[in-house]
Every structure is written in C-alpha cells, then in structure tokens.
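Enquirer: Submitted below is the structure of interest, expressed as structure tokens.
The values are calculated or read from the model by the stated rules, or taken from the named source; none is laboratory data. These figures come from a predicted structure and were not determined experimentally. Glycine gets a Cβ as well: all are built from the backbone with ideal geometry, and neighbour counts include every protein chain shown. The protein model used for the area step is the full one, side chains on, heavy atoms only, and it has no ligands, DNA or RNA in it. Shrake-Rupley method; radii C 1.70, N 1.55, O 1.52, S 1.80 Å.
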Amino acid sequence: MINKDYILDFARNILAIDSPSGYTGNIISYLEGVCNDKNLSYEKNKKGNLIITFPGKNDYTIGLSAHVDTLGAMVRSIKGDGTLAFTTIGGPILPTYDGEYCKVFTRNNKVYTGTFLSDSPAVHVYDDARSKERNEKNMHIRLDEVTKSKDDTLKLGISAGDFIAVDPKTVITENGFIKSRFLDDKISVSILFGLIDYLQANNITPVNTLKLIISTYEEVG
C-alpha cells in the first residue's frame, strides 16, 4: 500500500513553504534535499524545474509531472497611506483574497505579514462595503506594521516587484481530509514523492524509466 501518512506529512511540509510563481527557489531547494536523502538522480533546467530520474528495467521513459508554484501577488506600488497596491500572479478569484493573510518578501530577505482588504472593508462605515467589486483597483494590503505614509513603508525595504504569498490555511482533519489553498498542485507533488517512497520501500524497479518533472511556472502558463 502507498503510505498515506507519508504523503499527508509531505503535503503539510511543502504547503508551508511559500512559492508563488517566480519565487520557487526555497521549495525546490527543499525537494533537492529530499532527493539527496533518498539518493535520487536529479537535475535542474534553466527554468528552475526539478527533473528526477528513477531508472526502470528498460530505457523507455514515462514522464510524470506536477507543479510547486502557486497563485500569489506582487507589490505594484506603495500608496500614500503606506498600504500596498498589488497585482496578481496567476489567475486567482480575487474576492476570495478579501480578508486573507499574506506575507511580503523584500529584496533584502525580510518578511512582513499583512492582510488583503477591500478599500471599503467595513459595512458600518462604507455604504458600498457589500457591493464594491473586489479587484486590483479596489483592494489593498494592510501591513502588520505602523506605516502611515509611503515613506514609512519604503523604510521597511518594501518596493514594487516584491513577491506576496497568500496564507495556505492548511488543515488535515483526523479522518484524513486535507483542506488548503494550493492543493493545486502541491498535493500531486506529494503523491509523486509518495510513489517514489513506495518503490524504494518495496525494492521495486519499474518496467519503464520514470522522469518526474516538478514544474515551477505552471500558474502563469
């Protein structure tokens, strides 16, 4: 039997590693470590994809693929009140971002937390709080920092082009249900490594050679 606990633990670990498209170095490094621990043969191409080769009994090769990059956002500009305007990475349904926690990664390796919010975030203050469209023009990110001006935010080291990751909110229930953002496609990555674990644990050599391609740019096409 495939080790279900291994797959779920693996999923929990990689779901905790933020990896919006374009910011996947950390998760690929983690997977390289797993490959080294399992003595797997792998390489990276110029795009940053991880390609694992699992030898079979013959040279006929079967390709299996999953991706580790996720939806996310990027700092578009800093507003006069210190909040962030953002642009999306991939194609998220933006109303689902409203109220979600996030992290901002700066170029000097600092990480700041914040919250996606509508520009009309409270029904008792804004008449259009319910009807206002949730899109990039009508939303912002409020940082968990005391920033009252653009200059305050700039002093934190935040600038246009910084990556933003959304909290995956991962929950695995006692009866094995897994709830999380970005199961597309990190659960598939976990399943592929579960397959490798199964083959190694049972000393199985597949008939055909396997190439496991872990893609880093699926969400942007």
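Enquirer: State whether one or more residues within segment 194-205 are within 29 Å of Leu84 (Cα to Cα) and in contact (Cβ under 8 Å) with a residue 24 or more places away in the chain.
Expert: No.
Enquirer: I'd like the residue in segment 89-104 that is surrounded by fewer than 20 Cβ atoms within 10 Å (Cβ to Cβ), outside any loop (DSSP other than H, G, I, E, B) and touching a residue at least 40 places away in the same chain (Cβ under 8 Å) and, out of all such residues, is nearest to the chain's Cα centre (by Cα).
Expert: Step by step, filter segment 89-104, then rank; the result is Lys103.
Enquirer: Could you tell me how many of the residues in segment 10-25 are surrounded by 13 or more Cβ atoms within 10 Å (Cβ to Cβ), in a helix (DSSP H, G or I) and either without any contact (Cβ under 8 Å) to a residue 40 or more places away in the chain or under 9 Å from the mean Cα position of the chain (by Cα) (or both)?
Expert: Number of matching residues: 3.
Enquirer: Applying the selection to segment 171-194, what residues are at pLDDT 95 or above, open to solvent by 50 Å² or more (accessible area, probe 1.4 Å) and not in a strand (DSSP E or B)?
Expert: Across segment 171-194, the qualifying residues are Arg181, Asp184, Ile191.
Listed here are the residues, each with its yes/no results for (1) assigned to a strand (DSSP E or B); (2) surrounded by 17 or more Cβ atoms within 10 Å (Cβ to Cβ).
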position	(1), (2)
Ile28	no, yes
Lys46	no, no
Thr53	yes, no
Ile62	yes, no
Gly80	no, no
Tyr112	yes, yes
Leu117	yes, yes
Ala122	no, no
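Enquirer: Out of all the residues in segment 152-168, which are touching a residue at least 24 places away in the same chain (Cβ under 8 Å), out of contact with any Cys (no Cβ under 9 Å at 6 or more places or on another chain) and open to solvent by 50 Å² or more (accessible area, probe 1.4 Å)?
Expert: Within segment 152-168, Asp152, Leu154, Ala160 meet the criteria.
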